Amino acid sequence: MTDLSKPHYGIFSLSNVPPWNTHNEVVQKAIEQIQVADKLGFEEAWVAEHNGRRYGIVTSAQLLLAAAAASTTRIRLGSGVSRLPMHHPLRLAEEYAYVDQLSNGRLNFGIGKAYDRLEFQAYGIPESERDERYEEVFEIVMQAWRTGKVKYQGKHYQVPGPGDVADEIELFPEVHQKPTPPVFVMVSASEESLRMAARRGFAFVLGQRPTRDDVSRLVEVYREEGRAAGHSFDSIDENIARSSQLKAIHVADDREQAIAEYHEGYMWYVGVLTNRAKVGLGIDQLTFEEYLERKALILGSADDVAQELADFHRHTGLGGLVAWFDAGSQPQDQVLRSMTAFAEKVRPQL
């Protein structure tokens, strides 16, 4: 398990497909990055899922996590996120239980509601049902993992469905981690998601958008909500130590080189991301310099990055950071070089 007395670091995989990469290259890059992270001593690898969008071609995080589980030995493997309303709950419980067994208990179950109208439309799921489906899916998955069986009759899901074969369904395989794999709530912008995590006693991972001052405030919101729900100071502190924020990271010989290397891929990614405003998500695009000023990404020499991370942990109180070395599908040799520099030159300073 992660030593919570020290900062902990993960990597993030979104599997972007810019014009300069093929689908096969992107798929192979993601697996190699997780394998290298495992060897370098990163504690976690988080995998996102999307559909119908060039900026993320992994439609079910459990597919990539299963491949990673079979080719790594130590690193914890997390869904960042599993979009609960997009999946049948029993199948989701079964597939993630399999990943937990395949990895010998290295699964982190990161959950989210999904937010892209196109993704709901693609699967024929009414966006208006998002919150209700999220709650029902989560309840069924937890019931399956905790008890080894499911009997649930909800508004959107009935397990088992109509028929005379069985009145409950047994879960195969069972989870390796008992009573369940650790749950993390992924928080992009909704403070209510953070409050839900605090009430239920779950750790969290914040998206890139909150500034350091925002994160500090959100950590205090989490503390207050956790205490109001009856959780102990120690358990709240432990969850905050286990929690992280996502940041784009690039380590080079100096800041100028880091900016020159990272600029094209990152700006392609945020440009494609901004296109989501066309479907009502209203995301503004900034200049590269503005992203740097807001510390949405951390670039520079090993010393520069180490100083920024030390300030980050001190200012926010979070114990972890999820490093996105590949935002915009950067050249693989550059990504692996940056990951190695992070592990060998940045971490020893923290």
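The values are calculated or read from the model by the stated rules, or taken from the named source; none is laboratory data. Predicted model, so just to flag it, every value in this text is computed and none were measured. FYI the Cβ positions are ideal-geometry reconstructions off the backbone, even for glycines, and counts take in every protein chain you see. The area values use the complete protein model at the heavy-atom level, side chains included, leaving out ligands, DNA and RNA. Shrake-Rupley method; radii C 1.70, N 1.55, O 1.52, S 1.80 Å.
General observations
- Kirkwood hydrodynamic radius of segment 193-348, from the reciprocal of the average inverse Cα-Cα distance over all distinct pairs: 16.7 Å.
- With every protein chain in place, the chain: carbon and sulfur % of accessible area (1.4 Å): 49
- Long-range amide H partners of Lys149 with built H, under 5 Å: Leu171
- Antiparallel %, DSSP beta bridges [both residues in the chain], to 5: 10
- Whichever aspartates and glutamates have a C-alpha closer than 15 Å to that of Lys149, once near sequence neighbours (fewer than 8 apart) are set aside: Glu94, Glu95, Glu139, Asp167, Glu168, Glu170, Glu174
- Angle between the chain longest axis and helix 233-242 axis [Cα atoms, degrees, rounded to 10]: 60
- Kirkwood-Stokes translational diffusion coefficient of the chain, alpha-carbon pairs, 10 °C, 1.306 mPa s, µm²/s: 77
- Here the gap between Gln257 and Arg199, fully extended at 0.36 nm per residue and compared with their Cα-Cα distance, gives a gain of 16.5 nm.
- The lysines whose alpha-carbon is closer than 30 Å to the alpha-carbon of Lys345, local same-chain residues fewer than 8 away aside, are Lys6, Lys29, Lys39, Lys247, Lys295.
- Under the convention that each Lys and Arg Cβ holds +1 and each Asp and Glu Cβ holds -1, the size of the dipole of the chain around its Cα centre is about 320 debye.
- Using alpha carbons only: equivalent-ellipsoid semi-axes of segment 98-224, gyration tensor based, whole Å: 29, 20, 13
- Between the residues Gln101, Gly10, Ala241, the greatest Cα displacement towards the positive end of the dipole of the chain, with unit charges on the Cβ of Lys, Arg, Asp and Glu, is found for Gln101.
- Charge dipole (debye, nearest 20) of segment 76-142; +1 at Cβ of Lys and Arg, -1 at Cβ of Asp and Glu: 320
- The residues of segment 296-344 expose on average 29 square angstrom of accessible surface per residue, using a 1.4 Å probe on protein heavy atoms.
- The stretch between Leu292 and Thr340 holds 15.1 nm of extra length on full extension. This uses 0.36 nm per residue minus the Cα-Cα distance.
- Using alpha-carbon coordinates, inclination of helix 255-274 to the longest axis of the chain, degrees: 40
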